[in-house]
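K.L.:
Pasting a structure here, questions to come.
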Amino acid sequence: MRYVSTRGNAPVLDFEGATLAGLAADGGLYVPEQWPHFTAEEIAEMAGLSYVETAVRVMAPFVGDSLDRDTLTRLCEQAYAGRFAHDAVTPLVQLDHQHWLLELFHGPTLAFKDVALQLLGLLFETFLQHRDEHLTIIGATSGDTGSAAIDAVAGREGIDIFMLHPRGRVSDVQRRQMTTVLSPNVHNIAIDGNFDQAQALVKAMFNDPGFSGRFTLSAVNSINWARLMAQIVYYFYAAVRLGAPECPVAFSVPTGNFGDVFAGYVAAKMGLPVAKLIVATNINDILHRALTSGDYSAGEVTPTAAPSMDIQVSSNFERLLFDLNGRDGAALAEQMQTFETTRAIRLTNAQREGAAKLFTSARIDPDDMALAMRRTWERSGELVDPHTAIGLAAARSVDLDPAIPVVTLATAHPAKFRDAVERSTGTRPILPSRIGDLFEREEKYDVVHATFDDVTAHIAELATPKA
Ligand SMILES: *Cc1c(COP(=O)(O)O)cnc(C)c1O
């Protein structure tokens with residue numbers, strides 16, 4: 001399988017190259033040159049498979065020759081059988097006759113990002129074994145990517161990780177999950193700024209040859225293709241259990257950077273009968289505006305109780321815009337350059353019409369989010385976190401054939417956001433025992449100004465330069 005950049009002007013790479021590179025050299029994102037396809041018979045055969053077996057089947061076409069089947073199987077076993085606290089890895093929980101939750105939070109840091117990052121850490125380690133390179137991972141987090149990435153690479157040979165988080169804007173559990181990992185290869189940086197600024201700084205570091213030329217940089221944000229690939233798996237795993245390929249299934253996805261829901265789009269492209277993808281946003285609603293009126297324009301970020309969705313620039317949307325615009329890299333590069341200078345673009349007709357075939361969206365305000373938490377607790381006995389609540393409120397707000405099952409992706413464990421859950425339900429979720437003594441452990445992080453010069457100077461002092 002070959003990977004091309006959405007902006008059409010970077011080297012074509014194999015899976016190993018795309019995984020290690022993260023961002024493409026032209027500022028674009030890597031996508032497979034074509035979407036693999038499963039027939040209805042091949043999907044039906046997945047009914048008898050475990051999560052690990054499903055993962056190997058779904059990911060093998062994307063991995064191509066970069067890993068043999070046995071190695072891919074071993075890595076999936078290590079990532080999922082080894083590190084998840086549930087035998088189903090991503091279990092389905094029924095809420096009523098039409099609605100299900102897909103619980104993606106049984107990994108070590110209590111959010112869905114573990115599903116992709118546990119595998120990504122192992123992929124990095126495997127690929128680095130044949131190379132004499134030291135990898136410097138730089139990432140930005142609104143809370144959950146950081147903890148999941150740090151758990152996945154802490155203590156691994158040949159890798160350093162620098163993780164930027166917006167100071168004071170992540171929950172206490174999220175912060176402690178990052179800052180109490182004291183491995184010498186883990187470097188936490190709290191910036192005085194918001195998540196979009198942190199993300200823009202990371203992009204600027206990759207795009208600055210003076211800085212990026214000195215280190216072998218890689219990304220763990222969902223701009224890394226391997227992350228999205230790992231997330232396609234649970235769409236198949238869930239839909240097959242609810243009747244696919246005969247019966248179509250809809251998914252409601254709490255969305256920030258458009259990574260998780262883009263994985264659902266890829267699943268549909270691969271032949272999974274997806275009836276609808278519901279893009280659920282909070283009041284930071286750039287994606288809802290883009291999908292309803294074609295207006296992709298960034299406003300100011302407003303902090304909410306669902307911080308992983310407090311985003312105005314949604315990196316992976318670029319992958320969708322590329323796929324819906326005839327995969328014209330030059331045109332997309334121009335569109336994205338306009339966005340980068342003016343912070344606003346209009347979708348083309350092809351992009352709007354293409355998106356409307358599969359996507360719908362909803363913007364959920366804080367009252368409706370709180371209502372969804374309370375209602376789910378009272379009527380189904382399930383505590384859900386604020387992000388999941390936004391997904392559920394969105395799922396119930398769109399008009400769908402009642403015969404189609406609707407699966408809301410439960411993206412975080414309620415205990416990760418226990419103050420917000422307690423405020424809405426009156427019940428305080430219990431931290432699972434695998435989190436251990438998080439509140440007793442020592443924290444370590446540096447506070448750095450949100451400027452390119454300050455952040456790069458800080459990282460350059462600690463990172464391992466190219467040989
Ligand atoms: C990251 C995250 C999201 C948003 O996912 P994207 O892939 O960025 O769209 C939603 N909920 C939680 C809990 C998250 O950690």
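The values are calculated or read from the model by the stated rules, or taken from the named source; none is laboratory data. This structure is a prediction, so every number in the text was calculated from the model and none was measured. No Cβ is skipped: glycine too gets one built from the backbone with ideal geometry, and neighbour counts run over all protein chains shown.
K.L.:
Only one of these conditions is not met by residue 22: (1) at positive phi; (2) touching a strand residue (DSSP E or B) at 6+ places or on another chain (Cβ under 7 Å); (3) at pLDDT 95 or above. Which number is it?
P.N.:
Only one criterion in (1) at positive phi; (2) touching a strand residue (DSSP E or B) at 6+ places or on another chain (Cβ under 7 Å); (3) at pLDDT 95 or above is unmet by residue 22, namely (3).
K.L.:
Read through the list (1) in contact with a strand residue (DSSP E or B) (Cβ under 7 Å, 6 or more places away or on another chain); (2) over 19 Å from residue 107 (Cα atoms); (3) within 12 Å of the ligand (Cβ to nearest atom), then give the number of the only condition that residue 258 fails.
P.N.:
(1)
K.L.:
Please determine, by comparing only the residues of the range 140-186 that are in a strand (DSSP E or B), in contact with a helix residue (DSSP H, G or I) (Cβ under 6 Å, 6 or more places away or on another chain) and not aliphatic (A, V, I, L, M), which one is modelled with the lowest pLDDT. Show your work before the answer.
P.N.:
Looking only at the range 140-186, we keep the residues that are in a strand (DSSP E or B), and these are 140, 159-166, 186.
Pick out the ones that are also in contact with a helix residue (DSSP H, G or I) (Cβ under 6 Å, 6 or more places away or on another chain) and you get 140, 159, 161-166, 186.
Those left that are additionally not aliphatic (A, V, I, L, M): 162, 165-166.
Values: 162: 98, 165: 96, 166: 93.
So, considering only residues that are in a strand (DSSP E or B), in contact with a helix residue (DSSP H, G or I) (Cβ under 6 Å, 6 or more places away or on another chain) and not aliphatic (A, V, I, L, M), the one modelled with the lowest pLDDT is 166.
K.L.:
When you scan the range 306-319, how many residues do you find that are more than 12 Å from the ligand (Cβ to nearest atom) and either surrounded by 24 or more Cβ atoms within 10 Å (Cβ to Cβ) or modelled with pLDDT of 95 or more (or both)? Spell out the reasoning first.
P.N.:
Step one: list which residues in the range 306-319 are more than 12 Å from the ligand (Cβ to nearest atom), which gives 312, 318.
Still in the running and either surrounded by 24 or more Cβ atoms within 10 Å (Cβ to Cβ) or modelled with pLDDT of 95 or more (or both): 318.
Number of matching residues: 1.
K.L.:
For the range 207-220, does any single residue satisfy the condition of being within 16 Å of the ligand (Cβ to nearest atom) and at pLDDT 95 or above? Spell out the reasoning first.
P.N.:
Restricting attention to the range 207-220, the residues satisfying the condition of being within 16 Å of the ligand (Cβ to nearest atom) are 219-220.
Next, from what is left, pick out any that are at pLDDT 95 or above: none.
No; the residues of the range 207-220 include none that is within 16 Å of the ligand (Cβ to nearest atom) and at pLDDT 95 or above.
K.L.:
Could I ask something else about it? Out of the helices (runs of 4 or more DSSP H) lying entirely within the range 37-77, which hold 1 or more residues that are touching a Pro at 6+ places or on another chain (Cβ under 9 Å) and buried (at least 19 other Cβ atoms within 10 Å of the Cβ)?
P.N.:
Values: elements: 40-44, 51-63, 69-76.
In the range 37-77, the matching helices (runs of 4 or more DSSP H) lie at 40-44, 51-63.
K.L.:
Criterion first (within 28 Å of residue 27 (Cα to Cα) and modelled with pLDDT of 95 or more) does residue 374 satisfy it?
P.N.:
Numbers: within 28 Å of residue 27 (Cα to Cα): no; modelled with pLDDT of 95 or more: yes.
Considered against the rule, which asks whether it is within 28 Å of residue 27 (Cα to Cα) and modelled with pLDDT of 95 or more, residue 374 comes out as no.
K.L.:
Being polar (S, T, N, Q), surrounded by 21 or more Cβ atoms within 10 Å (Cβ to Cβ) and within 16 Å of the ligand (Cβ to nearest atom) narrows it down to one of 136, 145, so name that one.
P.N.:
Values: 136 fails: within 16 Å of the ligand (Cβ to nearest atom).
Residue meeting the stated conditions: 145.
For every residue, the table says whether it meets (1) crowded, with 24+ Cβ neighbours inside 10 Å; (2) closer than 16 Å to residue 357 by Cα; (3) in contact (Cβ under 8 Å) with a residue 60 or more places away in the chain; (4) among the β-branched types (Val, Ile, Thr).
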site	(1), (2), (3), (4)
241	no, no, yes, no
244	yes, no, yes, no
251	yes, yes, yes, no
256	yes, no, yes, no
260	yes, no, yes, no
264	yes, yes, no, no
274	no, yes, yes, yes
285	no, no, yes, no
294	no, yes, no, no
